[in-house]
Structure formats: structure tokens, C-alpha cells
Amino acid sequence: MSIEDSDIKKIAHLARISIAEEDIPGYATELTNIMAWVEQMNAVDTDHIEPMAHPLHAVQRLRDDVVSEPDLREAAQAIAPETEAGLYLVPKVIE
Amino acid sequence: MEWEVVIGLETHAQLSTKSKIFSGAATAYGAAPNSQACLVDLGFPGQLPVLNKEAVRMAVKFGLAIGAEIGMRSVFARKNYFYPDLPKGYQISQFELPIVGKGEINVVQEDASTKTVGITRAHLEEDAGKSMHEGFAAHSGIDLNRAGTPLIEIVTEPDMRSAKEAIAYAKKLHGLLIYLEICDGNMQEGSFRCDANVSLRPKGQEEFGTRAEIKNINSFRFMEKAINFEIERQQEILEDGGVIVQETRLYDSDKDETRSMRSKEEANDYRYFPDPDLLPVELEESFVEGVRKTLPELPDVKRQRFVDEFALSDYDATILTDSRPLADYYEAVVAVCKEPKLAANWVMGDFSASLNKDDKDLADSPVNAEMLGGMLIRIKDNTISGKIAKTVFEAMWAGEGDVDTIVEAKGLKQVTDAGAIEALVDEVIANNAGQVEAYKGGKEQLFGFFVGQVMKASKGKANPAMVNELLKKRLA
């Protein structure tokens, strides 16, 4: 599987990382090599193997429905970049 | 060309737990912004989610109620999306192994026919916070109180063929969740939110057309308008030879239109993967059976029982069992007065009309079941007539007391004294010689006129059956 420059741009966008245009071909080569390495696993017959959801052979424990967390707005907003009227302010999100 | 409409609904229902699905923060509606968001909800590093047992129990209860396969092993997955209303950068949801599998919901339609809507799946997930865009110049304000509130997302098959069918299904589902006491159903507060997938295809074609997803439908009335707008929009495009773009559209109730929100990114952009912070959930048979024991009588069963036990028509039984509070109220009234048919007429008639008129919830009704049942007893024992009962009911609604207090205070007791009624009948006959002559000459439709006059003379208090009988005798 070959990773194209356009794939690199898309992956960077989804991960919200800024990358320099001139670095893109290098990333594409590296990621293509990684994919080739992982592709070796395609040789394994996994037809009768149940997909693994978690590496631990354990089951989720459940907690009782009890309110246990106090209001920590003051502490949390003390370290937020910007707040107003109890709200966290972020760059405008327009849909 | 004739088009067939295809609709599927996705419903997000908030589960009525006290605490969040993965944290111990409160879920109460209307709290001060961000006062119910703990470190887990804020997405702080090193915080781990722990699943709320009650949310699991409620989801299983829903699954059992619709006869669905229960996912004895379900897995939580991360759905990646980058929005500040979920600071982690992903929503914890379920993907490949949901907690509720295939089931179905039967919907009785206006013409009394039953439509079966297939449920594809229902899964547990966390709600996002709220973003506010008004009132900030270059910012959006974020309130994370709602982030992490448990949701069950219920997905239907594309089984509905009109806006009316979609609404009938949504109402049925809404009523069912309230019956099950797992969701308060408050649409204004966002406890029950529907998205509709709408597409058209030429009649007879097997293959589905391209769909648009309509969001932001927060009432049943808007749902009908939004879907019908969307059907027209797509039909115009298709008939002009255009193509439908797969996208998410927002319904604007002020303008009564849908508009494009954003091109729905390809599904794999969500890059679902099993959440390593949560282990698979494995249910024990005993847990599921324990939940089954808590199932209330479901609407369809209740409806049949009302037909069998109270000799109600299918139609009346359907209306009375539509919502659990109304059904409970009706049964309480019957328990007091032992008159199922009379109680049905009053509960569906004046009582429901008064609730509608004052835009009141049943819980806030000024007339409780004891009071209405008490009044029906007084109709039955001839203390008041059905007509006077309407006056009494209005007075009860206005908070003037129970039936006996009002009848006493207003002097509304029905006159059943034959002598007194006879006197009124004689008076009316004496005062209307002309009409009497005409009646005797064959104008029998005048009988109603005499009844009216006697009732008027009695100020509505004469027993109508006795008035009829005595008039017939006198005019013979």
C-alpha cells in the first residue's frame, strides 16, 4: 500500500498537526514503509479468531449511580486560557 | 415521475441517571454552567472512565421492551471528532458490538392499521457539551455540564414512507421510554432528540436514493414540517435532473426550511476503534433476567387489557394508553367511580381538552383522579346531570373545591323531584300554547324545543330523562 501526499495532508488535518509542505514526501515514504512492514500480518490466517477488544482478559466493572464529584469550576477555570460567565471561551466554532 | 419517500430515524434519548455515564458528576438539568463537569468530563490527562451500572440497566430494559437481542458482550469505541464540546477529542460510543441489537416497534397509525418499524440497533454513548455562539465577538462559549450525560441512540431501519409514519413512530418511542422510566422525554430540554434520514427513489425501484440527514428537530410538529420540506426540496432537485448530495442539514423552525450544515465527512473519518480505557462489558444472564422483572406493563399490552377489562373501543384504549401518566390517571379515576366508559369519555374529553387549553402537564392538573372520579359518582347517582357536570368540572379546574362543595355552593343539585319538574313542564306548556298546537298537529321536531325550555326554567338542573318522560306524557 502506497501512501500519497494527499493522504499525508488528510492525516495531518485529522490529527490537527501542522506540517511543512517540503516534509510531506518524506513522511509519505516513511508511512508507506511502515504500512509495508505491518502488511506482513496479512499472511496470517485470522478467519477463526475473534477480534480482540482489549488486551486484558477482564470484564468491565460497573459503578453505582451516585453523584460523587463536587463542583470544581473555580479550580478548573483558574487554569483555562479564557472564560466568561462560567463558560469556557474557545475560538469561534461556526457550522 | 412518482417518488417513494424513505425515512429512517436516529433518536438520542438521555437516560435518567443521577450521575454521568463515565463519571460521578451530576446530570441535573439547568445547573450553573460548568458546575457539573469533573476532571473526566473535562478530558484531563490520566483520568479514567468508569461505566455507570444504571445506564447499562436502562439500555437493557429498553432492549427487552422491544424484544431485541441483548448484546451480552458489548464494547465501547472511540468516535474521533474535533469539537470543543467534548474536550477529549472523541466521543465514547459503541460501534461493532452495541448493547441492543435488532428489535422492532409496532406503531398504530391514524387509519388504525399497524406498521412495524425495524430497530437496527441501540447503543450507549456519552452526550456532548453545549456551544453558545451568540453574544461573543470572536469566541464560542462552552458549557460542559451535558458532556458525559448517558445517551441511548436508537437507530431504525429505513422503514418509514411518510412524515406521518415517522412522527407516529417517534411518538410511540417517546411514550415507550417514559413508560420504562428511563428517559424523561422532555424535548425542550433536549432529553429526546431525533435526526431524520430522508431520501427519495422512483416508485418501484429497489435501490435507495442518496439521503440527507436532518438535525435539530426538537418537536413533533417541527419533525413533520422539516421532513415535508426536505421531501419537496429533493423532489424539485431530482425532477430538474439534479443529484442529491449526501449531507447533514439543519432545520430552521423560524424559516421553516432545512439548510446545509456541513458535508458529512466520510464515515471512516471518525476512525472508530475500541476504547482502551474501557474493558468489554459482559452481562450475566441473572442481570438481564433481573431487569426483565422490572419491566412495567407495556403500552400494547395495556391497550389490550383496557379493551378486555373496561370494554373500551380499540381507538379509546389506544388514546388512553398513549402516555403512561394518562393511562395511570384513567385507571385511578375508574378505581374511584367504577364507570369505565364514563371515565374514558371525561378523561379523553373535557379533561384532556382543559390540559391542552392551559398547556399543562398532567402532573400539574388542578383536578386529580379522586376529584374527577368523585364527580362521576355524582353523575351516576343522579345528583348532577351530565350537562351540569361540565359546569362543575370547570369550577373544579378553577380550584373551587371538590364536586360536593361546588354543587352545594352553587346550588347545582339536580332536580329529580317529579312534582317540581311537573310544575315546570306545566308552566312551559301553558306559556307556549302556539307550539303545543303545532306539535300536536304533527310538528314533532318541536319536542326538543320543549325540553330546552324546561331545562332553561330549571337552570339546567332538572334531570333530563325525567323531563323527557314527563313532557311526553303531558303532550300525548
Divide by every residue of chain B the summed helix terms, -39500 (n - 2.57) for each DSSP H run of at least 4, and state the resulting mean residue ellipticity at 222 nm, rounded to the nearest 500 deg cm²/dmol. -12000 deg cm²/dmol
For helix A:5-14, what angle does its Cα long axis make with the longest principal axis of chain A, in degrees from 0 to 90 and rounded to 10? 20 degrees
Counting only DSSP beta bridges with both partners in the protein assembly as shown, the antiparallel fraction in percent, to the nearest 5, comes to 90 percent
Go through B:Ser140, B:Ala163, B:Ala128 and say which Cα lies farthest out towards the positive end of the charge dipole of segment B:71-197; charges sit on Cβ, +1 for Lys and Arg, -1 for Asp and Glu. B:Ala128
222 nm [θ] for chain A, helices only, -39500 (n - 2.57) per DSSP H run of 4+, per residue, to 500? -10000 deg cm²/dmol
Rounded to the nearest 10 Å², the 1.4 Å probe accessible area of B:Ser16 is 60 Å²
Whether chain B is rounded, prolate or oblate, judged on the alpha carbon gyration tensor where a/c under 1.5 counts as rounded: prolate
Asked for the total accessible area buried by B and A (1.4 Å probe, Å², nearest 100), one would answer 3900 Å²
Most to least accessible of A:His13, B:His12 (protein chains only, probe 1.4 Å): A:His13, B:His12
Considering only protein heavy atoms, what is the solvent-accessible area of B:Glu4 at a probe of 1.4 Å, reported in Å² to the nearest 10? 40 Å²
Between segment B:383-440 and segment B:22-49, how many Å separate their Cα centres? 63 Å
Take the alpha carbon atoms of segment B:282-330, find their center, do the same for segment A:53-80, and report the distance between the two centers in whole angstrom. 36 Å
Which percentage, to the nearest 5, of the DSSP beta bridges contained in segment B:157-280 is antiparallel? 70 percent
Starting with the highest mean, order B:271-278, B:331-338, A:71-78 by the number of other Cβ atoms within 10 Å, averaged over the residues of each peptide. B:331-338, B:271-278, A:71-78
Among the listed pairs B:Lys171/B:Lys338; B:Lys341/B:Lys387; B:Lys130/B:Lys164; B:Lys203/B:Lys225; B:Lys387/B:Lys461, which are separated by more than 19 Å between their Cα atoms? B:Lys171/B:Lys338; B:Lys130/B:Lys164; B:Lys203/B:Lys225
For chain B: relative contact order, % (alpha-carbon pairs under 8 angstrom, 6 or more apart): 13 percent
Checked chain A with the C-alpha gyration tensor, a ≥ b ≥ c its square-rooted eigenvalues, rounded below a/c of 1.5, otherwise prolate if a/b is larger than b/c and oblate if not; verdict oblate
To the nearest 10 degrees, how steep is helix B:386-397 against the longest Cα principal axis of chain B, on a 0 to 90 scale? 50 degrees
Sequence-separation-based contact order of segment B:1-123, relative, with Cα cut under 8 Å and 6+ spacing, percent: 18 percent
Looking only at lysines whose Cα falls under 17 Å of B:Lys472's and that sit 8 or more positions away or on another chain, we get B:Lys440, B:Lys443
Quick one: order B:Lys360, B:Lys473 from most to least accessible surface, probe 1.4 Å. B:Lys473, B:Lys360
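What's the carbon and sulfur percent of the protein assembly as shown's accessible surface, probe 1.4 angstrom, rounded to a whole number? Mind dumping the intermediate values first?
Details: 15270 of 29550 Å².
Roughly 52 percent of what the probe reaches on the protein assembly as shown is carbon or sulfur.
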Please report the antiparallel percentage of DSSP beta bridges with both residues in chain B, rounded to the nearest 5. 90 percent
If I fit a long axis through the Cα atoms of helix A:24-39 and take the longest principal axis of the Cα atoms of chain A, what angle between them do I get, 0 to 90°, rounded to 10? 70 degrees
Is there a simple number for the mean count of other chain Cβ atoms within 10 Å of the Cβ of residues in A:52-58, and what is it? 5
Given Cα pairs under 8 Å that are at least 6 residues apart, what percent is the relative contact order of segment B:121-198? 23 percent
Could you tell me which of rounded, prolate or oblate describes segment B:192-345, using a ≥ b ≥ c as the square roots of the eigenvalues of the alpha-carbon gyration tensor, with rounded for a/c under 1.5 and, failing that, prolate when a/b is larger than b/c and oblate otherwise? oblate
Other chains' Cβ within 10 Å of B:16-26 residues: what's the mean? 4
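When ligands, DNA and RNA are left out and all protein chains stay put, how many square angstrom of accessible area per residue does the protein assembly as shown have with a 1.4 Å probe?
52 Å²
The values are calculated or read from the model by the stated rules, or taken from the named source; none is laboratory data. Note that the coordinates shown come from a computational prediction; the quantities given were computed from them, not determined experimentally. Please note: Cβ atoms are built from the backbone with ideal geometry, for glycine as well, and neighbour counts cover all protein chains shown. Ligands, DNA and RNA are stripped out before the accessible areas are found, and what is left, the full protein with its side chains, is counted by its heavy atoms. Shrake-Rupley method; radii C 1.70, N 1.55, O 1.52, S 1.80 Å.
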